[in-house]
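Participant: My questions will all concern the structure given below.
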Amino acid sequence: MLNIVQTSEEELIKQCVRNKSQAQRQMFDKYSSSMFGICLRYIKEPAQAEEVMIIGFTKLFEKIGQFRFEGSFEGWMKRLMVNEALSYLRKNKYMYLEVDIETVHKEPNYSKLDDQLQVDDLMKLIQGLPVGYRTVFNLFAIEGYSHKEIAEKLEISENTSKSQLSRARMLLQKQLLESENNLNSKVSSHE
């Protein structure tokens, strides 16, 4: 039996290539939390995001021999999880749900919100976006894909990608304004 507790990432990958279950378990334990977070950015329901993550790990172990030790392994794994989440969205036709939003007339005061708005709060706002908006926003703003790359990945036009991003930003702005108004109301009621 191998003792892989002190194993380097490179050796762990090599053991996974050889289908060593203990190495696969160690890799899953090491990365599942961060990969679940990636899946959850695209898929709102935690149970579905977890299912996608598990399928992603299954594919990872099938394809791990394709990793050439060029660049970050975690980056390679992240792309695989994003692609799996996008595949799930395409299969389930959630991508094309859209919600009409009102035009935003006022820019939020981000400095007031800065102290109050935590990362978890921002993630909740992003999670509240319709699936198409959320997917394009995550790919563009968080993953750093261009509109051309997003269009290819999602099999949509570049203009649709730009439109989805614009609508996502407008909806987030609207939600931030509502948060600012709620904050102002709480401050006013305590004075």
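Participant: Determine which single condition ASN19 fails, assuming it passes every other condition in (1) of a type outside the set (Val, Ile, Thr); (2) modelled with pLDDT under 95; (3) under 30 Å from LYS124 (Cβ atoms).
Facilitator: Going through the list (1) of a type outside the set (Val, Ile, Thr); (2) modelled with pLDDT under 95; (3) under 30 Å from LYS124 (Cβ atoms), ASN19 breaks only (3).
Participant: Moving on to the next point. Against the definition (modelled with pLDDT under 95, buried (at least 16 other Cβ atoms within 10 Å of the Cβ), within 21 Å of GLY132 (Cβ to Cβ) and among the basic types (Lys, Arg)), how does ARG41 come out, yes or no?
Facilitator: Values: modelled with pLDDT under 95: yes; buried (at least 16 other Cβ atoms within 10 Å of the Cβ): yes; within 21 Å of GLY132 (Cβ to Cβ): yes; among the basic types (Lys, Arg): yes.
For ARG41, the condition - modelled with pLDDT under 95, buried (at least 16 other Cβ atoms within 10 Å of the Cβ), within 21 Å of GLY132 (Cβ to Cβ) and among the basic types (Lys, Arg) - is met.
Participant: Where the second residue is of a type in the set (Gly, Ala, Ser) and buried (at least 16 other Cβ atoms within 10 Å of the Cβ) and the first is without any contact (Cβ under 8 Å) to a residue 60 or more places away in the chain and lies in region 15-35, which pairs have Cβ atoms under 8 Å and are six or more apart or on separate chains?
Facilitator: So the pair list comes out as GLN15/ALA23; CYS16/ALA23; MET35/GLY56.
Participant: Could you tell me how many of the residues in region 143-182 are surrounded by 15 or more Cβ atoms within 10 Å (Cβ to Cβ) and of a type in the set (Gly, Ala, Ser)?
Facilitator: Qualifying residue count for the region: 5.
Quick grid of which residues meet (1) over 21 Å from LYS78 (Cβ atoms); (2) acidic (Asp, Glu); (3) modelled with pLDDT under 80; (4) out of contact with any Pro (no Cβ under 8 Å at 6 or more places or on another chain):
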{"site": "GLN118", "(1), (2), (3), (4)": "yes, no, yes, yes"}
{"site": "LYS124", "(1), (2), (3), (4)": "yes, no, no, yes"}
{"site": "PRO130", "(1), (2), (3), (4)": "yes, no, no, yes"}
{"site": "GLU152", "(1), (2), (3), (4)": "no, yes, no, yes"}
{"site": "THR160", "(1), (2), (3), (4)": "yes, no, no, yes"}
{"site": "LYS174", "(1), (2), (3), (4)": "yes, no, no, yes"}
{"site": "ASN182", "(1), (2), (3), (4)": "yes, no, yes, yes"}
{"site": "SER188", "(1), (2), (3), (4)": "yes, no, yes, yes"}
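Participant: Can we say LYS112 is of a type outside the set (Phe, Trp, Tyr), modelled with pLDDT under 95, over 27 Å from LYS153 (Cα atoms) and in a helix (DSSP H, G or I)? Step through it out loud before you land on a result.
Facilitator: Numbers: of a type outside the set (Phe, Trp, Tyr): yes; modelled with pLDDT under 95: yes; over 27 Å from LYS153 (Cα atoms): yes; in a helix (DSSP H, G or I): yes.
Yes, satisfied.
Participant: Among the residues of region 59-78, what is the count of those that are free of Cβ contacts under 8 Å to residues at least 24 places away in the same chain and among the basic types (Lys, Arg)?
Facilitator: 2
Participant: Continuing with the same structure: Any idea which residue in region 25-76 is farthest from MET123 (Cα to Cα), counting only those that are touching a helix residue (DSSP H, G or I) at 6+ places or on another chain (Cβ under 6 Å) and outside any helix (DSSP H, G or I)?
Facilitator: PHE67
Participant: Kindly provide the set of residues from region 43-58 that are over 13 Å from LYS91 (Cβ atoms) and either within 14 Å of the chain's Cα centre (by Cα) or touching a residue at least 24 places away in the same chain (Cβ under 8 Å) (or both), ordered by number.
Facilitator: Taking region 43-58 first, the residues over 13 Å from LYS91 (Cβ atoms) are 44-47, 49-50, 53-54, 56-58.
Residues satisfying the conditions are LYS44, GLU45, PRO46, ALA49, GLU50, MET53, GLY56, PHE57.
The values are calculated or read from the model by the stated rules, or taken from the named source; none is laboratory data. Just so you know, these numbers come straight off a predicted model, no measurement behind them. When we count neighbours, we look across all protein chains shown, and the Cβ atoms used for this are built from the backbone with ideal geometry, even at glycine.
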